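Data first, discussion second: the structure below is written as structure tokens.
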Amino acid sequence: MASCVAQYIQQTESRKPYILLFDSGSTHTWWNSKSIPTGCVPRKVDPSSSATLSGNMTSSLEVTLENITLPEFFKTRRIDSIDARLFHAECRYDGIIGRDALQDMGMILDFKNQTIRWDECIVPMKIFPTCNVNKHGLKDPTPAEQMYLLAIEDDLEDDAT
């Protein structure tokens, strides 16, 4: 699992953080229909199916994610584009990265050491973050925001403001 920012989804601007699941059991990459930006129009494609952690999925709709960063790995490295089938099942992840994209990126899921390797960068596998409400009634950042903030935390400077 990792945070992700896709500048565009199907040519519609979207710079909010998302949560990706790296799923070596899925042959395809999938995107949650609830996570596409307003105004985004998926394209029709031939139906395709895949078994994922969230169950068997079939879709004839697809979006292209463009200018993608995975800040836990590299703050400035960009993936030009990833095609993802849309799914409509209940799922806490915004996207499921399947073997198609994992292989293209050269991601190595090391279950023995509980790490994910992308080229020279190795990050630990994580559990899904939780979102709480504090005693003042304020919500914590969403799980996607939490993961993104942790990923960029080292780059922030404390200027006492």
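Quick note: the coordinates plus some simple rules give every number you see, no bench work behind them. Note that the structure is a prediction, hence the values are computed from the model and not measured. Methodologically, a virtual Cβ is constructed for each residue, glycine included, from the backbone with ideal geometry; neighbour enumeration extends over all protein chains shown.
Here the spin labels are modelled as points 7 Å beyond Cα on the Cα-Cβ line, and at K112 and T58 they lie 4.0 nm apart.
So between M125 and R77, what do we pick up on full extension, going 0.36 nm a residue minus the alpha carbon distance? Walk me through the intermediate numbers first.
Numbers: separation 48, 0.36 × 48 = 17.28 nm, distance 1.99 nm.
15.3 nm is the gain from fully extending M125 to R77.
Just subtract the alpha-carbon distance of Q11 and R43 from 0.36 nm times their residue separation and send over the number in nm, one decimal.
Working: separation 32, 0.36 × 32 = 11.52 nm, distance 1.14 nm.
Taking 0.36 nm per residue and subtracting the Cα distance, the gain is 10.4 nm.
If the segment from Q103 to N67 were pulled out straight at 0.36 nm per residue, it would be longer than the present Cα-Cα gap by 11.1 nm.
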